[in-house]
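Rule-based calculations on the coordinates, nothing more; no lab input. Bear in mind the structure is a predicted one, so any value in this text is a computation, not a measurement. Note that each Cβ is placed from the backbone with ideal geometry, even for glycine, and that neighbours are counted across all protein chains shown.
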């Protein structure tokens, strides 16, 4: 089975030139694709899924592989898949603190304890979840991408979110003959002229591409990221169906969505997909990220981003360095206790010695570092793109980050405004958060009079007071950790606040904001999954605020007429902010300084830029 069979499919008849000039041609292909999708859905739900559900559960057939299209669907609907145990044990509801482990023996006892907690999944939930996942896989690449976004919604049952999360990298590959055909078409010469060897058994298979290992004639091991056939047509057609047809129906049927301006989401989704299918552009973003990684000795020594070989790269083929010995970051707890202990106890120069798992902390902070260095951010930081490796020298663990296709360029001022928004919400300064939201609204073509800013300020203030106001430091820390761990992370709560209570009639947001916040969500989920309660996302935000935002951005929070007051404020805040962990002391200092500046005649705080 291919992802969405292309036999007599409209995606095989897609022409960019005709698409650009003929409305009738576009309408015909979209209508044809809708009919095809209906046929695929009915065939799967009424024929393929029932056959597979029975076949994989009957004693005489459950160990027999089915041929053809059923072969690739069979693993999806097979029962008895075991739950993974991450370092945080997130899928078991247990979130240990990494700094509670004092030896490899402690880790071994925890592994045994968590294994004993695993219970067989509910049979009905497994069937429902696997059928949904199988249908999404049948519909094709764009629906797989859309399902990954839908899986971020907290309203979905956890078993559905878990199934949809598995479509990130556990998908069917391509036939060997087709792989060879694509390689020769893209390289415009026989495969043997370029490669000493190509392994036609895929290493990984995602929604847009498959990855194969090969060896160049010069002896270098490379990974070949090969785009799936007819992807341009699939993106053009399915994007219209999802954004115009499906979301259009949702707005008609759901009043809450009807009042929401989804332009920021639709533009972000469409822009990101078009960028993601250009592998040559992805290669350049990957090189920008490698350059950002090398600007810091810490990231250069403890992270790996594969080198791109542009002589063998095209818009549909990405050739890069092959990185050996990979373990997915959410599979770390399956490693031997000694290896886990090495990872947790290893110290990186320049990091606070009290922090556990320096490598994991550094990895979780790197994407923000990357975005500020290159004004571009990685928009697909799900855990299928984070790995642990000892490549290239085998000396110590490193974090390998891959798949830079989903990305976006954002102006530096846009990043500043997002940081003002997040800082204001998390630190208990709703005026500051509203100021950041106003700037994003104005930059997106909105008008201040179109929005009820008092309502937004009250929503921000209520969120902040829900956990930080009048709480002793330790109590606030416990409350914050509990809320993050039991409600899917602080970023998910922020998304619920922003897009559940705040985003509504009249508010305009930049198209890249959704992708940026999705990136933050994936990053925090990765941190929580592998670090549990030891992952301090709030301190990370504060640290980024102090280190990444230049002095002029901090000055923009206040009226610039009193330079003495601002210089004193910056001097007082510089040291505690740079530490990034004693944030309750920082909050108190900020409140005092804010009151002082507000009392200076002729000044307002914060100022709308």
Modelled label-to-label distance, residue 391 and residue 105, 7 Å Cα→beta-carbon offset: nm? 3.7 nm
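Multiply the residue gap between residue 345 and residue 215 by 0.36 nm, knock off their C-alpha separation, and tell me the result in nm, one decimal place. Display every interim value, and only then the final one.
Details: separation 130, 0.36 × 130 = 46.80 nm, distance 3.59 nm.
Full extension of this stretch gives 43.2 nm more.
Residue 452 to residue 18: FRET efficiency via 1/(1 + (r/R0)^6), r the Cβ-Cβ distance, R0 41 Å, to the nearest 0.05?
Details: r = 46 Å, r/R0 = 1.12.
Efficiency at R0 = 41 Å is approximately 0.35.
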Modelling each spin label as a point 7 Å along the Cα-to-Cβ direction, I'd like the residue 196/residue 297 distance in nm, to one decimal. 3.6 nm
Amide N proximity, the range 287-302 versus residue 310 label position 7 Å along Cα-to-Cβ, cut-off under 20 Å: 287-295
Computed from the beta carbon distance with a Förster radius of 45 Å, FRET efficiency for residue 78 and residue 245 to the nearest 0.05 stands at 0.85
Once label points are set 7 Å from the Cα along Cα→Cβ at both residue 57 and residue 69, what is their separation, rounded to one decimal in nm? 2.2 nm
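Is the range 275-419 best put as rounded, prolate or oblate by its Cα gyration tensor, with a ≥ b ≥ c the root eigenvalues, rounded for a/c under 1.5, and otherwise prolate when a/b is larger than b/c, oblate when not?
Details: a/c = 2.02, a/b = 1.33, b/c = 1.52.
In terms of gyration-tensor shape, oblate.
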